[in-house]
Ligand code: CP
Ligand code: NVA
């Protein structure tokens, strides 16, 4: 198994709004740190490097994994976390993002936010005196992609040189995976109906990352083309949070994009099936695939804890 070489990471005081802002060495460094923290966590060895630190977690959308893994992570690191429902804050009654950022900076050591518009998170980060972590916006889901790289690394022993095929909506998850893969030298093919292709500005950015890392980025409307010889097959829901009114139209548009056994015949024999969860069996993925032997979806969910602990230690350290 190839090991990731020891790398220095200095993210102290920084925000994590998108993995595009991190150097590939910093992403690899975080994965390396996550591997180390995971080993300790599994042995119940906790060092409490964030003793006394408090993370505020603002949620404008539902969450199971993000909420619980961030809160448990802070507790295991010796700190604590506050759950803040966006609608219960004065923010929900029109207090500005800038004022909210400055007020929360008086009490907290860091903010994790899950919301709709990515520009709101950028605005929050601009006005906060403390680090801001993106826990999902309509544009990106960087913490999930970080945990996914950790999962791939654990299962395959390497990252560069592998091929990930993402089948489905060109959404926040697709964007963060495109960035993560092209940064670390993994080939990535996205298959989506043309009208649901990833954002062209994100694609252009990833083309540049791919040039630097030597990765190959393909955007196609053909699931079979994407899946061919892939090491990892990834999918996500067809209707993301906030798009519920489009559900019927999306079910029709994505009809031919289900990840099922027939499609997977074209992948490498030892492929991994991945999904950020929550999943809709019978829509974006068949039950046999997500509940089958190649599926690593619960490892991914578990790795949210370890990847985010690495991030929290690096960002919130003294
Ligand atoms: N994958 C993920 O972010 O899950 P939650 O929506 O449950 O946080
Ligand atoms: N694309 C999904 C991801 C959920 C973790 C959404 O935004 O709802």
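How many of the residues in region 46-82 are within 16 Å of ligand 2 (Cβ to nearest atom), in contact with a strand residue (DSSP E or B) (Cβ under 7 Å, 6 or more places away or on another chain) and in a loop (DSSP other than H, G, I, E, B)?
Going through region 46-82 one residue at a time, the tally reaches 3.
Determine, yes or no, whether residue 295 is within 16 Å of ligand 1 (Cβ to nearest atom), modelled with pLDDT of 95 or more, closer than 24 Å to residue 116 by Cβ and within 20 Å of the chain's Cα centre (by Cα). Step through it out loud before you land on a result.
Values: within 16 Å of ligand 1 (Cβ to nearest atom): yes; modelled with pLDDT of 95 or more: yes; closer than 24 Å to residue 116 by Cβ: no; within 20 Å of the chain's Cα centre (by Cα): yes.
No: the conditions fail for residue 295.
Do any strands (runs of 3 or more DSSP E) lying entirely in region 216-298 carry at least 2 residues that are in contact with a strand residue (DSSP E or B) (Cβ under 7 Å, 6 or more places away or on another chain) and without any contact (Cβ under 8 Å) to a residue 40 or more places away in the chain, and which ones are they? Break it down into steps so the answer makes sense when it comes.
Working: elements: 217-220, 232-235, 272-275.
Those strands (runs of 3 or more DSSP E) span 217-220.
Could you please find all residues in region 22-44 being part of a loop (DSSP other than H, G, I, E, B) and within 13 Å of residue 73 (Cα to Cα)?
Applying the first criterion (part of a loop (DSSP other than H, G, I, E, B)) to region 22-44 yields 22-23, 43-44.
The one that is part of a loop (DSSP other than H, G, I, E, B) and within 13 Å of residue 73 (Cα to Cα): 44.
Which residues, counting only those in region 176-230, are crowded, with 18+ Cβ neighbours inside 10 Å and on the phi > 0 side of the Ramachandran plot?
185, the sole residue that qualifies.
Find the residue count for region 166-189, including only residues that are more than 20 Å from residue 267 (Cα to Cα) and in a loop (DSSP other than H, G, I, E, B).
2
Checking the structure you have, find out if any residue of region 93-112 is within 16 Å of ligand 2 (Cβ to nearest atom), closer than 30 Å to residue 185 by Cβ and crowded, with 21+ Cβ neighbours inside 10 Å. Can you show your working first?
Quick first cut of region 93-112, residues within 16 Å of ligand 2 (Cβ to nearest atom) only: 112.
Those left that are additionally closer than 30 Å to residue 185 by Cβ: 112.
When the remaining residues are screened for being crowded, with 21+ Cβ neighbours inside 10 Å, the result is 112.
The answer is yes; a qualifying residue exists.
In the list 211, 195, which residue meets the criterion of being modelled with pLDDT of 95 or more, under 22 Å from residue 247 (Cα atoms) and part of a helix (DSSP H, G or I)? Break it down into steps so the answer makes sense when it comes.
Working: 211 fails: under 22 Å from residue 247 (Cα atoms).
One residue alone meets the criteria, 195.
Table: residues versus (1) in a helix (DSSP H, G or I); (2) without any contact (Cβ under 8 Å) to a residue 60 or more places away in the chain.
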position: 84; (1), (2): no, yes
position: 92; (1), (2): yes, yes
position: 95; (1), (2): no, yes
position: 99; (1), (2): yes, yes
position: 102; (1), (2): yes, yes
position: 111; (1), (2): no, yes
position: 120; (1), (2): yes, yes
position: 136; (1), (2): no, no
position: 145; (1), (2): yes, no
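The values are calculated or read from the model by the stated rules, or taken from the named source; none is laboratory data. Because the structure is a prediction, the values reported are computed rather than measured. Heads up, the Cβs are rebuilt from the backbone with ideal geometry, glycines too, and the neighbour counts pull from every protein chain shown.
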